[in-house]
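Please read the structure below before turning to the comments.
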Amino acid sequence: MYNDNPTINDIKDELNTGHNTPLSEERQGEVLEMDVKTGEASKRFYIESYGCAMNFSDSEIVASVLSKHGYASTRVMEESDLILINTCSIREKAEHTVRQRLSIFNKLKSTKPDLVVGVLGCMAERLKAKFLEEEKIVDIVVGPDAYRDLPGLVAGAEAGQKGVNVLLSREETYADISPLRLDSNGITAFISIMRGCDNMCSFCVVPFTRGRERSRSAFTIVAEAQDLFDRGYREVTLLGQNVDSYKWKNPESENQVTFAELLMMVADVHPDLRVRFSTSHPKDMTNDVLHAMAKYENICNYIHLPVQSGSSRVLDLMNRTYDKEWYKERVESIYKIIPDCAISSDIICGFCTETEEDHQETLDMIDFAEYSMSYMFFYSERPGTLAARKYEDDIPLEVKKRRLTEVVDRQMNMSFVHNKKDIGKTFKVLIEGDSKKSDQQFKGRNSQNKMIIFTKVGDYKPGEYCHVKVTEVTRATLLGNIVEL
Ligand code: 5AD
Ligand code: SF4
């Protein structure tokens, strides 16, 4: 898997190059099945999810809504009465993949005319009713804030009426819906803490597809974390497009809960419950969050802090509202307050007007910030965004790709250097299950979110913690042995 001359696709696989909140690319298009089987269900739905962790988390809300209306999940598309595809619009490639899947569903529909096909998520929001014209097989189109309406829309479609609900909401957080965990390992889970995004990054379609930012009640978040812990889960990842701007006013006390306070409330559920979060925006990541991380052993020492570009001029065009110096200061504060913290990033290559000097500054940032890993992309113009309206997409594709390769190479070297520094260190690891290659080995993560593979010894089980001493590393993984402290 780790050959010496990897292609860009190998590299992407290895580094989990993907999307918004870190979620492995291998999960893209995953067929999701609930961990709870619904007893009396008479109909079956099949759901595929693409895009960020937020989308996967939304699919668990969709599963919950449908299960209350007599639908159970199936992994077998051919067995289903309802096919749903939860879509992503972030780059053109993501939309292309969805169109390809729709043509596969189309073949099935020609043999099964009663089958209902629904498009959910960001692409539904972006294209709205146009979807019904463009893709004749689609029966329902449902945006990210309209999932409560799904049962009604499905019933309409069953009666022969196509339906669309793409209304965005200023309030919807699905706070009262208990997600049905899909394809869960029973150990790690996502908790959505906010929805939407108010940052107008000029390259990004998200503010248009997911609407205005709103925070979910802190009480329901803590209750969900407690429930997960009681059911044996040992790690939660608090999800939002921009978690550091989480703000929720307690209607009873009028007290405002900040993200740092929320982190501590969730960490207080139990010392054995690990807490992660994603994604942080550099402009909002304050020191109180860093101090909360330093104070609580169970808040993991890992921050996904997308830089996007190392050039202040490009950052300004991207409307990121910080410059290179600001970002560097944030990185320095992280390492000062949490010396063993790992930082990861998102990087866009070939944004409008990007020069070779700008590109060089991005490469330099990888060295400065010492990212443990990054998600790296070349710029893909998205219709309706600020950049599409204001700037020319003027960097030729070959140049974008060449710069991306250089960025990937630089990051791969950095990841390797980063991992090599871990040789000889001992980490507390949450065991997630068998490694991909062998049932004689476990896989788990350390606080810094690095995957560690180690040989099974003793009575350790998934969901338990153990200590692992690192003996060898690759660019993507640590290898080691269990040690007793
Ligand atoms: N082109 C390329 N990459 C993009 N991203 C967002 N929009 C685009 C785009 N138009 C990347 C950013 C973001 C991540 C989720 O996807 O790096 O942080
Ligand atoms: Fe997630 Fe939607 Fe953004 Fe894709 S476009 S990464 S699904 S929020």
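No value in this document is a laboratory result; all are computed from the given coordinates. Fair warning: this is a prediction, and the values are worked out from it, not measured in the lab. A quick note on method: Cβ atoms are made from the backbone with ideal geometry, for glycine too, and the neighbour counts reach across all protein chains shown.
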Spit out the partnerless Cys residues in the chain, using Cβ distances under 4.7 Å as the pairing rule. CYS52, CYS88, CYS122, CYS197, CYS300, CYS341, CYS349, CYS352, CYS466
Working only with C-alpha atoms, what are the Rg and Dmax values of the range 56-108, expressed in angstrom? 12.7, 35
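Let me know the number of lysine pairs in the range 78-210 closer than 13 Å at the Cα, not counting same-chain pairs under 8 apart. Write out the running numbers ahead of the final one.
Numbers: LYS107/LYS136; LYS109/LYS136; LYS128/LYS162; LYS130/LYS162; LYS136/LYS162.
Qualifying lysine pairs in the range 78-210: 5.
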Keeping to pairs on different chains or 8 or more places apart, tell me how many lysine pairs in the range 301-421 have Cα atoms under 27 Å apart. 14
List the GluC sites (Glu not before Pro) within the range 152-252 that DSSP assigns to loop and that have no more than 14 neighbouring Cβ atoms inside 10 Å. GLU171, GLU252
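Run the dipole for the chain about the Cα centre, Lys and Arg Cβ at +1, Asp and Glu Cβ at -1, nothing else charged, and hand back the magnitude in debye, nearest 20. Display every interim value, and only then the final one.
Details: 62 positive and 76 negative charges, 93 e Å.
In debye, rounded to 20, the chain gives about 440.
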Go through the range 120-219 and name the trypsin sites (Lys or Arg not before Pro) that are in a DSSP coil and have 14 or fewer other Cβ atoms within 10 Å of their Cβ. LYS128, LYS136, ARG170, ARG212
Taking a straight Cα-to-Cα line shorter than 16 Å from LYS68, and setting aside same-chain lysines fewer than 8 residues away, one finds LYS37, LYS43
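Give the percent of DSSP beta bridges with both residues in the range 27-165 that are antiparallel, rounded to the nearest 5.
On the way: 3 of 23 bridges.
Here the share of antiparallel DSSP bridges comes out near 15 percent.
List nothing, just return the count: lysine pairs in the range 426-483, 8 or more apart or interchain, with Cα separation under 12 Å. Intermediate values should be presented prior to the final figure.
Numbers: LYS428/LYS450; LYS428/LYS469; LYS443/LYS456; LYS443/LYS461.
Pairs that pass both the separation and distance tests number 4.
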Once the mean 1/r over all distinct Cα pairs of the chain is inverted, what Kirkwood radius in angstroms do you read off? 23.3
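Can you tell me what share of the DSSP beta bridges in the range 426-483 is antiparallel? A percent to the nearest 5 is fine.
Taking every DSSP beta bridge with both residues in the range 426-483, the antiparallel ones total about 85 percent.
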